[in-house]
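**Q** Would you mind keeping the following structure in view while I ask a few things?
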Amino acid sequence: MNTVITSKEAILTASRKIAIEKGLYSINMREVAKVCGVALGSVYNYFPSKADLVTATTEDIWKSIFGMNDHCESHGSFVDCVQWLFNSVYDGTSEYPRFFTVHSLGLTNAEKTKGRIVMNKYFEHMKDGLLVALQNDANIKERTFDDRFTQEAFVDFVFSSLIALLLKGEDSCCIIIEMIRRSIY
């Protein structure tokens, strides 16, 4: 085996390749080293444990699936942002089959804990983007939101509904879009 030192990016690329071809369950230090063509110790130089490697791979996959940045701020409406978000996650999960639904199942407790932290980080990022889009949407009816029906609660509801559709494997969020239109416009 080649003992050439590799980079963190090369290791993550190999790990993503394994995730695409075999799923997250198949990621392990030896397989990644083999795909990279490096000694096992080279992988351990960057990732001290399998949990660290799987967590970094999970985060890297989330980054490739979802790069919200300012996308929702540039959309003309909240529904455009919701549609874009659904499509982005749906398309991303097509590249990484079953990632969205099983990325924390079947992993060790340490991997599950770290995986949930990464997932929650991206979920919060997505919800923050939705909230910005909602707040910037000039077409929302006046007095739609109040102390009992807050923008934050509405975004949580919409986001949870999107997640439910994705977990069911739905390829459209048209029902959520219609519910949004009927309730806030």
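The values are calculated or read from the model by the stated rules, or taken from the named source; none is laboratory data. The structure presented is a predicted model; accordingly, all values stated were derived computationally and were not measured. When we count neighbours, we look across all protein chains shown, and the Cβ atoms used for this are built from the backbone with ideal geometry, even at glycine. Note: areas computed on protein heavy atoms with side chains; ligands, DNA, RNA excluded. Shrake-Rupley method; radii C 1.70, N 1.55, O 1.52, S 1.80 Å.
**Q** Accessible area per residue, 1.4 Å probe, Å², for segment 137-181: what's the number?
**A** Ligands and nucleic acids excluded, the figure is 67 Å² per residue.
**Q** Find the Rg to Rh ratio for segment 139-185, where Rh is the Kirkwood radius over alpha-carbon pairs and Rg uses the same atoms.
**A** The Rg/Rh ratio comes out at 1.03.
**Q** Residue by residue through segment 41-53, what is 3J(HN,Hα) from phi via Karplus (6.51 cos²θ - 1.76 cosθ + 1.60, θ = phi - 60°)? Round to whole Hz and write x for glycine and proline.
**A** x, 5, 5, 5, 4, 9, 10, x, 8, 4, 4, 5, 5
**Q** For D91 and N139 in one chain, what is 0.36 nm times their gap in residues minus the Cα-Cα distance, to one decimal in nm?
**A** 14.5 nm
**Q** Show me, for segment 175-185, the HN-Hα J-couplings you get by feeding each phi into the Karplus relation (A = 6.51, B = -1.76, C = 1.60, θ = phi - 60°), rounded to Hz, glycine and proline as x.
**A** After applying 6.51 cos²θ - 1.76 cosθ + 1.60, I find 5, 5, 4, 5, 4, 4, 4, 6, 9, 10, 9 Hz.
**Q** Could you order peptides 167-176, 11-20 by the average number of other Cβ atoms within 10 Å of their residues, highest first?
**A** 11-20, 167-176
**Q** If you don't mind, another one. Starting at the first residue of segment 146-163, write each ³J(HN,Hα) from the Karplus equation 6.51 cos²θ - 1.76 cosθ + 1.60 with θ = phi - 60°, in whole Hz, x for Gly and Pro.
**A** 8, 5, 8, 10, 8, 4, 5, 5, 5, 4, 4, 4, 4, 5, 4, 5, 4, 4
**Q** Mind checking which aspartates and glutamates have their C-alpha under 15 Å from K63, skipping anything on the same chain fewer than 8 residues away?
**A** Result set, ordered by chain and number: E9, D91, E95, E124.
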